[in-house]
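What follows is one structure encoded as structure tokens, with my remarks underneath.
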Amino acid sequence: MFEVSRNFCGIHLEASMAIVFKYLYRDGGNFKNWGDVCLKNEQGLSVEEIDALIRECLIDEMYFSAEKVGLPTLYFVERNDQLDHEWHEFDRVREGSSGDNLETTDIKEFIGLLLKSK
């Protein structure tokens, strides 16, 4: 459904019209892989409003299953099933910029997916 942003596409956006959702996977050894996805913000919600809405939909205001909401998993190649888990962590949201790869999904739709997956 989504692709992790890793390069620039040069699309010009109004800052409030795109939101970057930053997340990570922390394995049993505390090693981290980071990712993000840039989503539409058609209602022009503030970063603070979006952050609060997202946290309400997460386990302990932080954890979610990337697979259940259609985000790429950030697992490491080598996994230890006794230590590792499926949970990803929400880091933060920020306003999008022209260097972000914009997805077709709106942030409100994504928040709905987070709520359903809880």
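Residue-level check: of (1) under 12 Å from the mean Cα position of the chain (by Cα); (2) in a loop (DSSP other than H, G, I, E, B); (3) not basic (Lys, Arg), residue 78 misses just (1). When we screen 91, 84 for residues that are in a loop (DSSP other than H, G, I, E, B) and of a type outside the set (Phe, Trp, Tyr), the only hit is 84. Each residue in the range 94-118 was checked for being closer than 13 Å to residue 57 by Cβ and either touching a strand residue (DSSP E or B) at 6+ places or on another chain (Cβ under 6 Å) or part of a helix (DSSP H, G or I) (or both), and 11 of them qualify.
Residue-by-condition table, conditions (1) farther than 22 Å from residue 28 by Cβ; (2) crowded, with 17+ Cβ neighbours inside 10 Å; (3) basic (Lys, Arg); (4) without any contact (Cβ under 8 Å) to a residue 60 or more places away in the chain:
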position	(1), (2), (3), (4)
43	yes, no, no, no
56	yes, no, no, yes
63	no, no, no, yes
67	no, no, no, yes
81	no, no, no, yes
88	no, yes, no, no
101	yes, yes, no, no
106	yes, no, no, no
110	yes, yes, no, no
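When the range 1-25 is limited to residues that are surrounded by fewer than 16 Cβ atoms within 10 Å (Cβ to Cβ) and not in a loop (DSSP other than H, G, I, E, B), the one that is modelled with the lowest pLDDT turns out to be 15.
The values are calculated or read from the model by the stated rules, or taken from the named source; none is laboratory data. What you see is a predicted model, and the numbers here were worked out from it, not measured in a lab. Ideal geometry is used to build each Cβ from the backbone, glycine not excepted, and the neighbour counts take in all protein chains shown.
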